[in-house]
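Chemist: Pasting a structure below so you can have a look.
The values are calculated or read from the model by the stated rules, or taken from the named source; none is laboratory data. Every value quoted in this text rests on a predicted model; they were computed, and no experiment measured them. FYI the Cβ positions are ideal-geometry reconstructions off the backbone, even for glycines, and counts take in every protein chain you see.
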Amino acid sequence: MKNISKILLFAIIFFTYSVSNTFANDIYFIDFAKVMNESQAGKKAQDYLKSTLKSSNKKFKETAKKIKDEENKIISQKNVLSKEEYKKKADELRKKVFNLNKERETSLKNIASKRKKAKDELFKKLNPILTKYMEENKITVILDKKNILMGNKNFELTTQIIEILNKELKSINLN
């Protein structure tokens, strides 16, 4: 009876170990954020979005400075202007501030939309690459690194995937 229990226990442990090893060797991961930031297409998209944000911020700062100067001018003329004239100029200034804030918000939404489009486009192009890579290398699952608590570096495919992506996708159209 003891021998049967030992054999049964050994069989269960062996079966569990071999099944877990079989599945563990078929699961790999990539760092999608790194692919987005370090692939040629991802870098170009990031650079384009950064320059767009920088130029729009510069434009908004210049406009805000003009509005601030105009505000100072109106404040300095407060005693010279009639109440109606002062109120009219103050209301015009508020409209300009409101419009500036609205333009800024629209610009930021546009940039966020383009960023999402770039990410979606990159993922769309990455999907067949990953599928082909999985088939060629007999991989069962590829996970995103951000969803993994801990993993062996030997199972990370980020560098290989970036190399393949760079050959197949040079840039992303954001317009």
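Results for (1) basic (Lys, Arg); (2) in contact with a helix residue (DSSP H, G or I) (Cβ under 7 Å, 6 or more places away or on another chain); (3) in contact (Cβ under 8 Å) with a residue 60 or more places away in the chain, shown as yes or no for each residue.
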site	(1), (2), (3)
116	yes, no, no
120	no, no, no
155	no, no, yes
170	yes, yes, yes
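Chemist: Restricting segment 87-104 to residues that are over 39 Å from the mean Cα position of the chain (by Cα) and of a type in the set (Lys, Arg), which is surrounded by the most Cβ atoms within 10 Å (Cβ to Cβ)?
Modeler: 89
Chemist: Tell me, please, whether a residue that is part of a helix (DSSP H, G or I) and touching a Ser or Thr at 6+ places or on another chain (Cβ under 8 Å) can be found in segment 85-95.
Modeler: no
Chemist: Between a residue in segment 69-86 that is within 16 Å of residue 97 (Cβ to Cβ) and of a type in the set (D, E, K, R) and any residue that is assigned to a helix (DSSP H, G or I) and modelled with pLDDT of 85 or more, which pairs come within a Cβ distance under 8 Å, given they are 6 or more apart or on different chains?
Modeler: From segment 69-86, the pairs are 70/93; 70/96; 71/93.
Chemist: Another question, then. For the condition of a type in the set (Val, Ile, Thr) and modelled with pLDDT of 90 or more, what is the one hit in 52, 16?
Modeler: Answer to the selection: 52.
Chemist: Please state which of the following conditions residue 174 fails to meet, knowing it meets all the rest: (1) surrounded by 15 or more Cβ atoms within 10 Å (Cβ to Cβ); (2) modelled with pLDDT of 90 or more.
Modeler: Just one mismatch for residue 174, condition (2).
Chemist: Give the residues of segment 149-167 that are surrounded by fewer than 13 Cβ atoms within 10 Å (Cβ to Cβ) and either more than 21 Å from the chain's Cα centre (by Cα) or at pLDDT below 90 (or both), sorted by residue number.
Modeler: If the condition is that a residue be surrounded by fewer than 13 Cβ atoms within 10 Å (Cβ to Cβ) and either more than 21 Å from the chain's Cα centre (by Cα) or at pLDDT below 90 (or both), then 149, 150, 152, 153, 154, 167 are the ones that fit.
Chemist: Could you please find all residues in segment 134-148 being assigned to a strand (DSSP E or B) and buried (at least 16 other Cβ atoms within 10 Å of the Cβ)?
Modeler: 142, the sole residue that qualifies.
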